[in-house]
Amino acid sequence: MAKILVCGSSELQEGNMRGFESNGHKLLIARIAGKVYAMNGICKHQGGRLYDGELSGKSVTCPLHGSVWDVTTGILIDFYDNLPNEEMYPVVEENGSIFLEL
Ligand code: FES
């Protein structure tokens, strides 16, 4: 497992998200209630980029067809069909930087 620098802590403010690509992974990184989460950033429906969607609290809405996901768990919150959970990845925040373990 490699430890990969995402960005400085100050570059991800509370309630915000950003996309991040590394080693073929496309991830959504979000800070919710002070904690940083990393979720697979590609929608399990038809591949929408979730990090281009809208974040409200801990819910992100897919920009293509409106599925809603919990960015702290990867679980689908709302959609007309069942979809598998999005994968979650370990995040470490230390010394003013955010790192992923991929
Ligand atoms: S691609 Fe995300 S809801 Fe269809």
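Where a number appears in this text, it was derived from the coordinates with a stated rule and is not lab data. Because the structure is predicted, anything quoted here is derived from the model rather than measured. So basically every Cβ, Gly included, is an ideal-geometry build from the backbone, and we count neighbours across all protein chains shown.
For the chain, the Kirkwood estimate of the hydrodynamic radius, built from every pair of different alpha carbons, is 13.5 Å. Neighbours of Pro63 by Cβ distance under 11 Å: Lys/Arg scored +1, Asp/Glu scored -1, total -1. Charging the Cβ of each Asp and Glu at -1 and of each Lys and Arg at +1, and nothing else, the dipole of segment 12-91 about its Cα centre rounds to 200 debye. How charged is the neighbourhood of Ala30? Take every other residue with its Cβ under 11 Å from the Cβ of Ala30, and add Lys/Arg as +1 and Asp/Glu as -1. Net of charged neighbours comes to +2. For the residues Asn85, Asn23, Asn40, a GNM of the chain with alpha-carbon springs under 10 Å puts the largest fluctuation on Asn23. Take the Cβ atoms of Gln46 and Leu102, set R0 to 35 Å, and the FRET efficiency comes out at 0.90. The local environment of Asn95, defined by Cβ-Cβ distances under 15 Å, has a net charge of -2 under the rule Lys, Arg +1 and Asp, Glu -1. Sequentially through segment 88-93, phi angles give Karplus couplings (6.51, -1.76, 1.60; θ = phi - 60°) of 10, 10, x, 10, 10, 10 Hz, Gly and Pro residues having no value and appearing as x.
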